[in-house]
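For reference, the structure discussed in these notes is given below.
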Amino acid sequence: MNFTHPTRRQMLRTTLGIGAVLSLAEKGQAKANPPEPVIEWNAHIFSPDVKKYPLHPKAVYQPDVSIHPADPLAAYLKRLDEEGIDRAVIVHPEPYGDNHRLMLDCLKREPKRLRGTSLFYPKDPEAPAKLAALVKEEPHIVSTRFHAHRGKEDYLDTFADAGVRALWKKAHELGLVIELHIGPNYAQQAGEAIKAFPGCKVLIDHLAEPHMGTGPEFADVLDLAKYPNVYMKLSGLNHFAKDEPYYESALPFTSRVIKEFGPERLVWGSGSPKIVDVHLKGYSEKERAMVKGGNIRKLLGWS
């Protein structure tokens, strides 16, 4: 029986063949598990065109919109590109009240890259119906926002108010995220509302503005982590820390909040996404990617 030993060329072809198969397998795996997008949830869009986009009569503050560019959305998209941010949830600003015309125009221009939030007045008995109509008109509205902290009692008295509960209920029925811009003193009340609507998706803005409350009150904020559908936003660091761009002075505080909610229920917004790398230095790359955008994508079902 004759045995023929393979030549070096045959061995090389065999090796390359195996390598080609492995390369195809790796490409298939990468396609099946694409990297998480970087998604920001925080920015406000203001237009200097006050005739087309007037400020609301009930505006809680009057910004100088003249300082913004004629095409504010184009300027914002440029910033996203510069920061390496793939998508964004833009937040409807309070000065426009429940007039969402600017938000709607932005979403129509960038339906693939953007999602938006809404704002209504809980004391308005028509607010739930207005929310439903808005979402019907623009399905890329993914959230409605409640404001309540010291110095801002304009929207509601307590989270037990009938108007708050009715608007919250409608948002829950529509599958929207409840965005809470609250101070620590409202955390306990918010917890009661969360408990009243099991399964509701909640996002707490700006680390619950810790500088606006006391230590015992912030303990109530941390207690909200017991609800599995409550997320915390790693944003607003500049509200109480001044060492931009990464606010390392806040690390002892943020590390405690991150530990309580976990990286799987943390959402980044504002500034550079590198803030996540600094404040979650001890976590894995996969966990940081979830905070930078994966958690939002999952929360919104944003494919």
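The values are calculated or read from the model by the stated rules, or taken from the named source; none is laboratory data. Because the structure is predicted, anything quoted here is derived from the model rather than measured. Here Cβ is always computed from backbone atoms with ideal geometry, including for glycine, and neighbour counts include all displayed protein chains. Heads up: the accessible areas ignore ligands, DNA and RNA and are worked out on the full protein's heavy atoms, side chains in. Shrake-Rupley method; radii C 1.70, N 1.55, O 1.52, S 1.80 Å.
The table below gives the values:
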read-out: Qualifying residue in the range 131-148 (condition: at pLDDT below 95 and of a type in the set (Ser, Thr, Tyr)); value: no
read-out: Qualifying position, being surrounded by 10 or more Cβ atoms within 10 Å (Cβ to Cβ), at pLDDT below 95 and either touching a Leu at 6+ places or on another chain (Cβ under 9 Å) or under 27 Å from VAL142 (Cβ atoms) (or both), among PRO72, PRO35, PRO54; value: PRO35
read-out: The range 94-141 - residue that is farther than 25 Å from VAL38 by Cα and of a type in the set (Ser, Thr, Tyr) and, of those, surrounded by the most Cβ atoms within 10 Å (Cβ to Cβ); value: TYR96
read-out: Close pairs (9 angstrom Cβ cut-off, 6 or more residues apart or separate chains): open to solvent by 10 Å² or more (accessible area, probe 1.4 Å) in the range 248-269, among the polar types (S, T, N, Q) anywhere; value: PRO263/SER284; PRO263/ASN295; GLU264/ASN295; ARG265/ASN229; ARG265/ASN295
read-out: Subset of the range 276-287 (residues that are open to solvent by less than 50 Å² (accessible area, probe 1.4 Å) and either closer than 14 Å to VAL257 by Cα or touching a Leu at 6+ places or on another chain (Cβ under 7 Å) (or both)); value: VAL276, HIS279, LEU280
read-out: Qualifying residue in the range 149-170 (condition: under 21 Å from the mean Cα position of the chain (by Cα), buried (at least 18 other Cβ atoms within 10 Å of the Cβ), touching a residue at least 24 places away in the same chain (Cβ under 8 Å) and outside any helix (DSSP H, G or I)); value: yes
read-out: Any chance ALA219 is surrounded by 15 or more Cβ atoms within 10 Å (Cβ to Cβ) and either in a helix (DSSP H, G or I) or in contact with a Phe, Trp or Tyr (Cβ under 6 Å, 6 or more places away or on another chain) (or both); value: no
read-out: Flag for LEU174 being of a type in the set (A, V, I, L, M), within 21 Å of the chain's Cα centre (by Cα) and open to solvent by 40 Å² or more (accessible area, probe 1.4 Å); value: yes
